[in-house]
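Each reported figure results from applying straightforward, stated rules to the coordinates on display, with no laboratory input. What you are looking at is a predicted structure, and each value in this text was computed from that prediction instead of being measured. Neighbour counts are summed over all protein chains in view; Cβ atoms, including those assigned to glycine, are modelled from backbone coordinates with ideal geometry.
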Amino acid sequence: MENRSIVSIADYSKEQIQTLLSMAAEFEKHPNRQLLKGKVVATLFFEPSTRTRLSFETAANRLGARVIGFTDPKVTSSSKGETLKDTIKMVSNYADVIVMRHKLEGAAQYASEVTDVPIINAGDGSNLHPSQTMLDLYSIYKTQGTLDNLNIYMVGDLKYGRTVHSLLMSMRKYNPTFHFIAPKELEMPEEYKFYCKHNGVKYIEQTDFTDSTIADADILYMTRVQRERFSDLMEYERVKDAYILRADMLTKCRDNMKILHPLPRVNEIQYDVDDSKHAYYFEQAHNGLYAREALICQTLGITLDDIINDKTII
Amino acid sequence: MNNKEQKLVAALKDGSVIDHIPTDKLFTIAALLELEKCNEPVLIGNNLESQIMGKKGIIKISGKFFTEAEISKLAVICPNIRLTTIRNYEVMEKREIALPETLTDIVRCPNPVCITNNEPMKTVFYVDRHNYIHQMFPYDHAIGEDDNTKMKCRYCGKEVQIKDIKLK
């Protein structure tokens, strides 16, 4: 049987991405269905992540599936020393699809190799988080009408920010121009700049974050600058306020510009930005529901045609 | 092998000869093969003249025939050594060993939070052919130096340079 696991979407073709985007759009029109009636979705959160788990479980519930799982590995046998393989093998006896989050990198890839039940990677350490990438792509597609030829500005922690790395790799086929705005200590790692050069992706690096430097952005992707990432706390104190977006910085920006953020935010987007027409981060999180409905269906072999011709809409 | 060399290292009846070893890697290879535990005759030569390499090391082990896994390990330590298999004084096989495209359970991932370091499982590394200079120009530069060959962990995706590699 073909393994339909979704460990990464970085190597998906444009057609595959477009199919998932179209599926998400259908689910946005009609989120509540009985398409997965009789199916069991397991959500195995070896590492807590309330936001992602709620989004996946809501997606499964709204499609009529039943959900089993755990939210804290302390209650499972992994705390007794059970291997990941054994846990996955055990759950494979019960579920039709397994959504898993793990603190170790590569855990989802390994899980997908030890079972025939499809695995959806809901984050493996700082490695991959394809459902986040998918909801980012859907948010960009929805707000801009296309993924092609966009100016995407990434701001804040570009060194450790898993979401910006995944987005960068997934956008490479759409001729984007990236602007990397970050303090020196948190700049985009060399391997991703090399990736851009290798794939012919244009990028510009800058440290200034002002109304003028973001004037040409179509997408402003904000991330949190975290104190614990700095080896030099003096440096943190110096830069912590330099990458905060305020409403008065939006006067020169493009009309179509939207602000994205993977959430949770702390202070990097001031609350006065929330009322701006450019603020999109809450809708972005909402889009995660449709993106995850699409991903779950994809792993179960449900096609776009099945979704368009679905007679189970509630 | 010329006459002069033959005098230096005696002929084998059955066993293997590892030739073209970079001189600075000879004792690493000897340690990897755990030759100190070997009860059969072993001959080790170093700083021998080589037309291709300048100087080289050579190891002859009586009664030893290498498995593919052992050959892969040798290839990781020093790509492009030559392995000769001898049976009843006849050369049965002579091959330049090269890194395979995939290394299964040979190399340890340097990433402590990689699943392979936390689960009883095999590691898998992919050799990056683009940086694999030796493959196309085997003796173009001093072997073992400036080797930019990279390998990528199948699981966590981290890349590691061949010179930083730790065997499993």
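A few notes on this one:
- Pairwise FRET efficiency - A:K80 versus A:D216, Cβ, R0 = 41 Å, nearest 0.05: 0.15
- Segment B:17-78: relative contact order in percent, alpha carbon pairs under 8 Å with at least 6 residues between: 43
- Three-way shape label, segment A:215-307, alpha-carbon gyration tensor, a/c 1.5: oblate
- B:E36/A:K184 FRET efficiency (R0 56 Å; Cβ-Cβ; nearest 0.05): 0.65
- Whole-number D in µm² s⁻¹ for the protein assembly as shown, Kirkwood Cα-pair radius fed into Stokes-Einstein, 25 °C, 0.890 mPa s: 96
- Applying 1/(1 + (r/R0)^6) with r as the Cβ-Cβ distance of B:N46 and A:Q16 and R0 = 51 angstrom yields a FRET efficiency of 0.40.
- Its relative contact order, with pairs defined as Cα atoms under 8 Å and 6+ residues apart, puts segment A:101-186 at 26 percent.
- Between segment A:40-63 and segment A:207-265, the Cα center-to-center distance that results, in Å: 30
- Charge tally for B:R154 (other residues, Cβ to Cβ under 11 Å; Lys, Arg +1; Asp, Glu -1): +2.
- Other protein chain C-beta atoms within 10 Å of residue C-beta, averaged over B:113-126: 5.
- Across segment B:14-122, C-alpha contacts under 8 Å between residues 6 or more apart give a mean separation that, scaled by the residue count, equals a relative contact order of 30 percent.
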